[in-house]
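> Handing you a structure now.
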Amino acid sequence: METKDFPGVELRARRVRLGEGVRIGEGTVIVADDLALGDGAVIGPGCDLRSARLEVGAGGQVGAGSRWLVADEAVLGVGAVVDAGADVVCRQWAVGGGSYLGQRLRIGAGASMEENSVVRVGRRCQIAPDVTVNPTEPVVIGDEVGISAEVAIFTHGYHAGHPVRDGHGAAFAGVEVGDGAWLGFRAVLLPGVSVGAGTVVAATATVTRSLPAGVLAAGVPAEVKRMLEPVAMDAAARREAVVGLLDAWMQRLRFKGLTIEARVVQGAGLRWEVTVADRCWQVVWHPQDGELPGIAEISRSGGDASAVFDFAEPLAVRGALDDLGHDLRDFLRRATWLFPYADNSRGLVPERFSRLLGTLPAGAGRQGRTGHGRPSR
């Protein structure tokens, strides 16, 4: 097909479906039998992406310099982001909607062109930079999993100098990580283990045996230290927590170069005026009675469009998020209030950084998932 809309791009595909607003960076090579890029999908410059079926959902992003060799299919869900420098070799790879995978992800690290070389990452996962996954056997990661920097997951373990015929062991088995689990900094998962839903694996732990759901495990080898028995906030505690979160967010916006008028009591709620350049928003907190904590509403001055954050369970966003709405969602995510939305989180770039990056005036830029500001868990 012609690539006149993508100068400097080499595109070799039999069947191509491109949505509106697709962007492909210069120097990128894409090879596929079936290529589908949803509305607003972004492929960074200098990538080399090869798969029989290659699909990036609406709003999905592939960071600069990524190299993928995925035999059967590579699929990114809606709003999923794989950041810069990913090196991926496997048979099948799928990333659920809203997930973020950090810089320099490595999927391979061994024999990963085999029949069982499959990696599946669930929805709304947060994976920090420099994670290594060895998929000689399948690796399945559930929804809303957190994986910290430099975590390693292995599905095979052997050494030719220690042969099984001499009584030594060799391991070839898949790994599973349950929904909502959290793997701490430099944790290691060895072949055949599963980590139960909601379990926390402490930093530097080595998991040699499967762990049940809802526990804290630590050590080498990892052992269960205690059960996790959290007590959920009631509605009154949520209301108090949300006011604290909104106050802290306003302080963060001031640091980013926006102007904040002091909060004003409005009935039983609160109101802030937020301005930057020629744009102005109103943020209003509406507490509710009984079992409903309340809602935070963001609206543009002079406009009818608004976004509403509902702090009842399950957390929900109604309406379309603009730059300020995305910044609040990103701030809340960092405070562990994960509001589902089609796109991945992004925040406003602080003025002191945006001027050095040569972006838009103070607070007007966006901080995407392409190399800036990802915290490790």
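The values are calculated or read from the model by the stated rules, or taken from the named source; none is laboratory data. Remember, predicted model here, so these are calculated numbers, not experimental data. Positions of Cβ are generated from backbone atoms using ideal geometry, with glycine treated the same way; all protein chains shown enter the neighbour counts.
> Is it the case that residue 343 is part of a loop (DSSP other than H, G, I, E, B) and surrounded by 15 or more Cβ atoms within 10 Å (Cβ to Cβ)?
It is true that residue 343 is part of a loop (DSSP other than H, G, I, E, B) and surrounded by 15 or more Cβ atoms within 10 Å (Cβ to Cβ).
> May I pose another question? Listed residues 278, 289; which is closer than 18 Å to residue 235 by Cβ, among the acidic types (Asp, Glu) and assigned by TED's automatic domain parsing to the domain that holds residue 250?
289
> On to the next question. Only one of 37, 54 is closer than 22 Å to residue 113 by Cα, crowded, with 19+ Cβ neighbours inside 10 Å and not β-branched (Val, Ile, Thr). Can you tell me which?
The match here is 54.
Here's the yes/no breakdown for (1) hydrophobic (A, V, I, L, M, F, W, C); (2) in contact with a Cys (Cβ under 6 Å, 6 or more places away or on another chain); (3) under 17 Å from residue 331 (Cβ atoms):
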site	(1), (2), (3)
231	yes, no, no
238	no, no, yes
243	yes, no, yes
253	yes, no, yes
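> While we're on this one: Restricting segment 123-136 to residues that are buried (at least 20 other Cβ atoms within 10 Å of the Cβ) and within 23 Å of residue 71 (Cα to Cα), which is nearest to the chain's Cα centre (by Cα)?
Only one residue fits best here, namely 131.
For every residue, the table says whether it meets (1) of a type outside the set (A, V, I, L, M, F, W, C); (2) under 21 Å from residue 131 (Cβ atoms); (3) in the same structural domain as residue 90 (by TED's automatic domain parsing); (4) out of contact with any Asp or Glu (no Cβ under 9 Å at 6 or more places or on another chain).
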| residue | (1), (2), (3), (4) |
| --- | --- |
| 164 | no, no, yes, yes |
| 167 | yes, no, yes, yes |
| 179 | yes, yes, yes, no |
| 189 | no, yes, yes, yes |
| 192 | yes, yes, yes, no |
| 197 | no, yes, yes, no |
| 210 | yes, yes, yes, no |
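> I would also like to ask the following. Pull up segment 249-259, narrow it to residues that are in contact (Cβ under 8 Å) with a residue 12 or more places away in the chain and surrounded by fewer than 16 Cβ atoms within 10 Å (Cβ to Cβ), then point me to the one that is nearest to the chain's Cα centre (by Cα).
This residue is 255.
> Restricting segment 260-278 to residues that are touching a residue at least 24 places away in the same chain (Cβ under 8 Å) and either touching a Leu at 6+ places or on another chain (Cβ under 6 Å) or closer than 21 Å to residue 354 by Cβ (or both), which is surrounded by the fewest Cβ atoms within 10 Å (Cβ to Cβ)?
Step by step, filter segment 260-278, then rank; the result is 277.
> Let me ask you something else. Does segment 84-99 contain at least one residue that is in the same structural domain as residue 30 (by TED's automatic domain parsing), small (Gly, Ala, Ser) and assigned to a strand (DSSP E or B)?
Yes, that holds for at least one residue.
> Would you confirm whether any residue within segment 10-22 is of a type in the set (A, V, I, L, M, F, W, C), outside any strand (DSSP E or B) and either surrounded by fewer than 17 Cβ atoms within 10 Å (Cβ to Cβ) or at pLDDT 95 or above (or both)?
yes
> Just need a number here: residues in segment 140-161 that are buried (at least 20 other Cβ atoms within 10 Å of the Cβ) and either of a type in the set (Phe, Trp, Tyr) or outside the structural domain of residue 116 (by TED's automatic domain parsing) (or both).
Going through segment 140-161 one residue at a time, the tally reaches 1.
> Also, I was wondering about something else. Out of everything in segment 58-83 that is outside any strand (DSSP E or B) and buried (at least 22 other Cβ atoms within 10 Å of the Cβ), what residue ends up being farthest from the chain's Cα centre (by Cα)?
Residue satisfying both the conditions and the ranking: 66.
> So, one more: Which of the following residues is outside any strand (DSSP E or B), surrounded by 19 or more Cβ atoms within 10 Å (Cβ to Cβ), aromatic (Phe, Trp, Tyr) and at negative phi: 331, 353?
Being outside any strand (DSSP E or B), surrounded by 19 or more Cβ atoms within 10 Å (Cβ to Cβ), aromatic (Phe, Trp, Tyr) and at negative phi holds for just one of 331, 353, which is 331.
> Right, another one. Among the residues of segment 322-339, write down those that are free of Cβ contacts under 8 Å to residues at least 12 places away in the same chain and within 15 Å of residue 295 (Cα to Cα).
Hits for segment 322-339: nothing passes.
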